[in-house]
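Here the structure is laid out as structure tokens; the discussion comes afterwards.
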Amino acid sequence: MEAAEAQKLIMETLEKKKGKSKFYLKDFYGMLPDWKNRDVNKLVNNMVQQGLLEYWSSGSTTLYGIKGAGKQAAAEEGE
């Protein structure tokens, strides 16, 4: 699977998840089981750089989500 196809698969999968807006990196490993973990990590980080995904950190845990989705994004818009 090419990187563009993998990005499309990730975006479609995340958009289908109702009620969940943030995901662990290991969730992305499950979406691309034929890929090496390091390659998935590079792809996800590339998607963050492209503005498709965004980081969210609690200080000890880093999660990823679709840019602009989720409760935190809505709270920031209200400020």
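Looking only at residues in the range 40-57 that are hydrophobic (A, V, I, L, M, F, W, C) and in a helix (DSSP H, G or I), which one is surrounded by the most Cβ atoms within 10 Å (Cβ to Cβ)? Don't jump to the end; show me each part of the working.
So the first thing to find is which residues in the range 40-57 are hydrophobic (A, V, I, L, M, F, W, C), and the list is 40, 43-44, 47-48, 52-53, 56.
With in a helix (DSSP H, G or I) added as a condition, the list becomes 40, 43-44, 47-48.
On the way: Val40: 20, Leu43: 16, Val44: 23, Met47: 21, Val48: 13.
Going through the qualifying residues, I end up with Val44.
When the residues of the range 1-39 are filtered to those that are of a type in the set (Phe, Trp, Tyr) and part of a helix (DSSP H, G or I), the one that is farthest from the chain's Cα centre (by Cα) is Tyr29.
Among the residues of the range 24-34, which ones are out of contact with any helix residue (DSSP H, G or I) (no Cβ under 7 Å at 6 or more places or on another chain) and either surrounded by 14 or more Cβ atoms within 10 Å (Cβ to Cβ) or within 16 Å of Ala4 (Cβ to Cβ) (or both)?
We begin by selecting, within the range 24-34, every residue out of contact with any helix residue (DSSP H, G or I) (no Cβ under 7 Å at 6 or more places or on another chain); these are 24, 26-27, 30, 33-34.
Listed by number, the residues that qualify are Asp27, Asp34.
Residue count for the range 58-72 satisfying the condition of being free of Cβ contacts under 8 Å to residues at least 40 places away in the same chain and in a strand (DSSP E or B): 1.
Laboratory data are not the source of any read-out in this text; all were calculated from the coordinates shown. Given the structure is predicted, the values throughout are model-derived calculations rather than measurements. Please note: Cβ atoms are built from the backbone with ideal geometry, for glycine as well, and neighbour counts cover all protein chains shown.
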